[in-house]
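Report on the following structure.
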Amino acid sequence: MGLLRIMMPPKLQLLAVVAFAVAMLFLENQIQKLEESRSKLERAIARHEVREIEQRHTMDGPRQDAAIDAEEDMVIIYNRVPKTASTSFTNIAYDLCAKNKYHVLHINTTKNNPVMSLQDQVRFVKNITSWKEMKPGFYHGHVSYLDFTKFGVKKKPIYINVIRDPIERLVSYYYFLRFGDDYRPGLRRRKQGDKKTFDECVAEGGSDCAPEKLWLQIPFFCGHSSECWNVGSRWAMDQAKYNLINEYFLVGVTEELEDFIMLLEAALPRFFRGATELYRTGKKSHLRKTTEKKLPTKQTIAKLQQSDIWKMENEFYEFALEQFQFIRAHAVREKDGDLYILAQNFFYEKIYPKSN
């Protein structure tokens, strides 16, 4: 019995192939639409479940009170490094404290000593944690980092800080000691009357501009250990880096202060709501400039950069800058030359067990 073969003309074969391909594309498109619809439905269900949970928590008085109490119990410590625009930033906190309902307290140590005695450390930790009348509180002062966990404290304060290019910071401090600034122009400074420029000081090997004077930002972040204040200590720099990453909520840089303020407002609105606009358009008291400051020459900068101390302080500064720029890159977007804070970009789904 012979096989019956049905031969199709080539044109019909081509049409059949095309029709099959179109059918497959149509089918894949429908499957994709179904997947998208399923995904949208899951997100809608998840949002509905989140709203139900939020409503239950709103109706639950003690839990709501606990959340409010936690926010009202918040304390921020800004252990400000000298000549890093710290006064400009702190003035914003003073201007906002009445409106945002928190307290600002200046930590004024004798002779601006950044290292506290052991007994003062205990008193300070006790004040921060138990002074309920001053909560929420914003504490600021020229004090090196203090590890609260050493004192058996369960809830630690939130640390923030700002650092600056080490040579620019030293130059600013050098002229500040001689001429002051436009914030309190009538106040007599420690080196007032000394007209020697920073360039002349470096050329003569003066003590006020020696590389050892660069060693400040690392020990401020390192803390109260003796090794922190040993100039040029590699251990101190490593500890400062560790603290910056693990113990500080946010560390900005003087050169990008507005972005630092913007991030704080977005993340901690309880304290910094309105800070960005205030910084951009507020009082001139936010702008504190050292008077009579003369920029150093390239030769002066090159001489300081030969020092191992500068190399370590600069390494720490660049480490902080990289971390800050990383945080900023994941928090803002740029449009038409302006930065915009990203809205919430996460949600919860597949919440179990299901509520009745």
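The values are calculated or read from the model by the stated rules, or taken from the named source; none is laboratory data. Given the structure is predicted, the values throughout are model-derived calculations rather than measurements. Because the Cβ atoms are built from the backbone with ideal geometry, glycine has one as well, and the counts that use them run over all protein chains shown. Protein only, heavy atoms only, side chains kept; ligands, DNA and RNA dropped before computing areas. Shrake-Rupley method; radii C 1.70, N 1.55, O 1.52, S 1.80 Å.
Structure notes:
- Matching residues in the stretch 77-106 - criterion: being crowded, with 18+ Cβ neighbours inside 10 Å and free of Cβ contacts under 8 Å to residues at least 60 places away in the same chain: THR90, VAL104
- If the condition is being open to solvent by 30 Å² or more (accessible area, probe 1.4 Å), free of Cβ contacts under 8 Å to residues at least 40 places away in the same chain and in a helix (DSSP H, G or I), then the stretch 208-250 contributes SER226, GLU227, TRP235, ASP238, GLN239, TYR242, ASN246.
- VAL171 falls short on exactly one of the conditions (1) over 24 Å from SER117 (Cα atoms); (2) open to solvent by 10 Å² or more (accessible area, probe 1.4 Å); (3) modelled with pLDDT of 95 or more; (4) over 24 Å from the mean Cα position of the chain (by Cα), and that condition is (2).
- Note on the stretch 117-155: residues that are within 30 Å of ASN100 (Cα to Cα), basic (Lys, Arg) and free of Cβ contacts under 8 Å to residues at least 60 places away in the same chain amount to 4.
- Against the numbered list (1) open to solvent by 60 Å² or more (accessible area, probe 1.4 Å); (2) assigned to a loop (DSSP other than H, G, I, E, B), ILE351 comes up short only at (1).
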